[in-house]
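To start, the structure itself, in C-alpha cells.
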Amino acid sequence: MKKILCFLLLLTSSVLLFGCKKDKLEKIKVVEVARSIFYAPQYAAITNGYFEEEGLKIDLINANGADKVTAALLSGDAQIGLQGPEPTIYLYKKDKSDYLINFAQLTRTDGSFIFGREPIENFTLDQLKGKSILGGRKGGVPEMTLEYVLKEAGLDVGQDDATKEVNVRTDVAFAALAGSFLDGEGDFVTLFEPTATAIVQEKRAHLLAPVADYAGEITYTAYSTSISYFNKNQETIQKFTRALYKGQQFVQTATDEEIAKAVQPFFMDTDLDILIEVVKRYRSINAWCTTPIFSEKGFDRLQDIMIEAKELDSKVDFNILVDLEVAKQVVTQTKEE
C-alpha cells in the first residue's frame, strides 16, 4: 500500500511539474503571409516541439497577404512575421522611425512552377514567345521574378500587353490562377504547391519547369519584426531562431515521408501522398535554406528584381534591414553543443 501511495505521489508531482513547465512557456504570435508547404521547416519545428524546447509557445496565424503581416507587426498584434523581405524595403523607404528588420531566412529561391496545356520536351523560355502567361498579382515577388527571368532570357516582356513577345497577365488574382487557367485563360501559368502537384496527378496540365531553374538564389521568404521589438527582446529572438534552425536541420536529413508527416497537421485537407510529392519537388529545387543566416547575395538579387520591375527606385543597404548576428550566434552555438 505504501508503495502504491509513493507511486501516486510521484506521478502527481510529475504531472504538476510538467504542467508548470508548460504554463511557463512564453507565448508569441507569428503571422505568416500564406499557408504553404514551401515553409516546411517552420511547420516541422512546431510539430516536432522545437519551439517548446526553447521555452516558446507559437500562435501561428495565416494573414493571407504581406500587407496584413506588416500591419500586424507594426501594430504589435504579432511579434514575428514570415513574408518576403520586399515589404521591409518598401516600409524603410517610406518611414525610418520604426521599420521592420529581417533576422532569419527560410527559403532561398522562387517556389513556383511553369505549366502548359501540352507536354513540351526540353522546354526553354523561348517557347513562350507569342504566348500569354498568367503571372499573378502585379508587383508580387512571383510575378516580378517571372518577368525578370524572361527578360534575362532576352525576351520582350509586357504586363497585360499582347503586342509584346511574352504577355505576362496580372489581371488574374493569385488564388484564382489555377482555376482560371483550367477554364481556358492564358497559354501558360505559374503555380505554387500543393496546387502544382494536384494538377499533375489529375493530368489536367503539364509541368514544364520550375522558375527556380532560371531565377537562382533569391531571398524569397524570411522572418522579420519591428526594430523596437527586436532590440528589446533579443533572448526571445534567439530562442525562436534556434528552434527554426532545428527545423531546417530536420528537413535536410529526414525522408520525404517524415517531412510530409511533420507538416501534415497544417494541411489536413491534403492527402499524405500529395504532401510527399510536394516535399520531393521542393527538395529537387533546393528550396529551403540550410541555416537561418541571411544571404546578402540573395537579398541583392531581390532588389535587382524589384528595380527591374520599377517597384523600387534604389537599393537599401543590406546591413540596415538585415541582422546577421543572431543567426550566426545560433548556428555557432548549435555546432558547439
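The values are calculated or read from the model by the stated rules, or taken from the named source; none is laboratory data. This is a predicted model, so every value here is computed, not measured. As a convention, Cβ positions derive from the backbone with ideal geometry for all residues, glycine included, and neighbour counts pool all protein chains shown.
Here are the numbers for this structure:
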{"item": "Qualifying residue in the stretch 37-59 (condition: in a loop (DSSP other than H, G, I, E, B), under 15 Å from residue 222 (Cα atoms) and touching a residue at least 40 places away in the same chain (Cβ under 8 Å))", "result": "no"}
{"item": "Residue match in the stretch 307-315 (condition: in contact with a helix residue (DSSP H, G or I) (Cβ under 9 Å, 6 or more places away or on another chain), more than 24 Å from residue 86 (Cβ to Cβ) and surrounded by 15 or more Cβ atoms within 10 Å (Cβ to Cβ))", "result": "no"}
{"item": "All positions within the stretch 216-240 that are buried (at least 19 other Cβ atoms within 10 Å of the Cβ) and within 15 Å of the chain's Cα centre (by Cα)", "result": "218, 219, 220, 221, 222, 223, 224"}
{"item": "Matching entry among 309, 287 (being at pLDDT below 95 and assigned by TED's automatic domain parsing to the domain that holds residue 94)", "result": "309"}
{"item": "Count of residues meeting criterion [out of contact with any Lys or Arg (no Cβ under 7 Å at 6 or more places or on another chain) and among the polar types (S, T, N, Q)] in the stretch 193-217", "result": "2"}
{"item": "Answer residue from the stretch 314-337, given it is of a type in the set (Asp, Glu) and part of a loop (DSSP other than H, G, I, E, B) and is modelled with the lowest pLDDT among those", "result": "337"}
{"item": "Qualifying residues in the stretch 91-123 (those that are without any contact (Cβ under 8 Å) to a residue 60 or more places away in the chain and not polar (S, T, N, Q)) - the one surrounded by the fewest Cβ atoms within 10 Å (Cβ to Cβ)", "result": "121"}
{"item": "Some residue of the stretch 42-54 being farther than 21 Å from residue 236 by Cα, buried (at least 23 other Cβ atoms within 10 Å of the Cβ) and under 18 Å from the mean Cα position of the chain (by Cα)", "result": "no"}
{"item": "Close pairs from the stretch 238-266: first acidic (Asp, Glu), partner modelled with pLDDT of 95 or more and surrounded by 23 or more Cβ atoms within 10 Å (Cβ to Cβ), Cβ under 6 Å, at least 6 apart", "result": "256/279"}
{"item": "Checklist (1) modelled with pLDDT of 95 or more; (2) over 30 Å from residue 239 (Cβ atoms) applied to residue 271, failing item", "result": "(1)"}
{"item": "The stretch 316-337 residues that are more than 21 Å from residue 302 (Cβ to Cβ), paired with ones that are among the hydroxyl-bearing types (Ser, Thr, Tyr) and part of a helix (DSSP H, G or I) (beta carbon under 8 Å, 6 or more apart)", "result": "330/241; 330/245; 331/245; 334/245"}
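Each row is one residue, and each column tells you yes or no for (1) out of contact with any Phe, Trp or Tyr (no Cβ under 8 Å at 6 or more places or on another chain); (2) of a type in the set (Val, Ile, Thr); (3) over 30 Å from residue 32 (Cβ atoms).
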| residue | (1), (2), (3) |
| --- | --- |
| 99 | no, no, no |
| 106 | no, no, no |
| 140 | no, no, no |
| 173 | yes, no, no |
| 184 | yes, no, yes |
| 193 | no, no, no |
| 202 | yes, no, no |
